[in-house]
Amino acid sequence: MKVEFAPLNIPLVRRLQTAAVLQWVLSFLLLAQVCVGVIVILIVYNYWFLYVPYMTWLYFDWSTPEQGGRRSNWVRSWTVWRYFKDYFPIHLIKTCNLDPTHNYIFGFHPHGVLVAGAFGNFCTNYSDFEELFPGFTAYLHVLPFWFRCPLFREYLMTSGSVSVSKKSVSHVLSKEGGGNISVIVLGGAEESLDAHPGKFTLFIRQRKGFVKIALTHGASLVPVFSFGENELFKQVNNPEGSWLRTVQEKLQKIMGFALPLFHARGIFQYNFGLMPYRKPIHTVVGRPIPVHQTLDPSAEQIEALHQTYLEELRELFEAHKREYGVPEHETLIFK
């Protein structure tokens, strides 16, 4: 295999963009483990004056990720996130105006490997979110597992991320006055195992909890499709039924998150590494589906609204796929 190296005269801006994305990738792959390791070391060497106050505070702060989190505009405005956004680059596209007096659920698709589009658009101050959706606050809901990691949870919450638990989503949608958006990556960890370039498989048919919550709170549903999300990495071939996929699915059920074996480019060469490819991401926000508040929705009401959501999502994809380089014959596959 011929190794293609990056040119030595790369402009400084591109180097900074690469460094920003590397920091982001490593934060999700290693930072949680490092944070847990720090706590273990403090306990082993009996630095009680450090870990006892923190663990005490953690006990009383345990529910914060389910109560709106603790975002920091200072962290969200770090310059590193501007370079992160421009690396791909990441774009946010609005197709319809939203009423800031209402609350919404954004169903984000697809999951991809590391959900770069969702993070870049809704967890930093360098996207066009505030300009396109004035008067709104977005909360990206992620796996509760990450908030059980001491120290790392503090870093994660500064971005505006909160737990994806039912209690957490309900807290966001219950805020009076409207202007709140729950961004939920509906395919979840399971979908990341199918995040191959050129594939558009969404794990959505059995995901109906978000519909029930929308009905309970009267929150409008908005399909969001992020074109280019699956193009950032390649995965080791893992078709359903293969030994690798079986192991990945079993580990997912045990740990609560998936372990896709992904690769892309390196820092100094383009052939192999953990750096995502420089592929543009276009996150298209569709039109809202009005939802009438129903405190105790029936199974029929949930099914009907879920079907409407699937139709709107497919229509959004079909309306924009040609504009963002998806072949005419490609269509969404719902699982």
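Worth pointing out:
- Prolate/oblate/rounded call for region 12-334, Cα gyration tensor, a/c under 1.5 rounded: rounded
- Heavy-atom accessible surface of D194, to the nearest 10 Å², is about 10 Å², with a 1.4 Å probe and all protein chains retained.
- Ranking V291, I333, V115 by Cα position along the charge dipole of the chain, where only Lys, Arg, Asp and Glu carry charges on their C-beta atoms, puts V115 farthest toward the positive end.
- In the assembled protein chains, T201 presents an accessible area of approximately 10 Å² (probe radius 1.4 Å).
- Rounded to the nearest 5, the antiparallel percentage of DSSP beta bridges internal to region 12-334 is 25%.
- Cα lying deepest toward the dipole's positive end in the chain, options G178, I281, W78, charges on Cβ: W78
- Over the chain, relative contact order from alpha-carbon pairs under 8 Å, at least 6 apart, %: 23
- Taking G241, G286, G135 in turn, the Gaussian network model of the chain (Cα-Cα springs below 10 Å) assigns the largest fluctuation to G241.
- Among the GluC sites (Glu not before Pro) in region 110-177, those placed in a DSSP loop whose Cβ has at most 16 other Cβ atoms within 10 Å are E176.
- Fraction of accessible area attributable to carbon and sulfur, the chain (%, probe 1.4 Å): 61
- Per residue accessible area of the chain, 1.4 Å probe, in Å²: 48
- Across the cross-link table entries K212/K250; K85/K208; K199/K321; K199/K335; K250/K279, which are compared at the Cα atoms, the separations over 20 Å belong to K212/K250; K85/K208; K250/K279.
- Dipole in debye (nearest 20) - region 12-334, about Cα centre, beta carbon charges: Lys, Arg +1; Asp, Glu -1: 880
- Solvent accessible area, Å² - R322, 1.4 Å probe, full protein context: 130
The values are calculated or read from the model by the stated rules, or taken from the named source; none is laboratory data. Quick caveat: nothing in here was measured; it's all calculated off a predicted structure. Counting neighbours? That spans all protein chains shown, and the Cβs are built from the backbone with ideal geometry, glycine included. Only protein heavy atoms, including side chains, enter the accessible area calculation; ligands, DNA and RNA are left aside. Shrake-Rupley method; radii C 1.70, N 1.55, O 1.52, S 1.80 Å.
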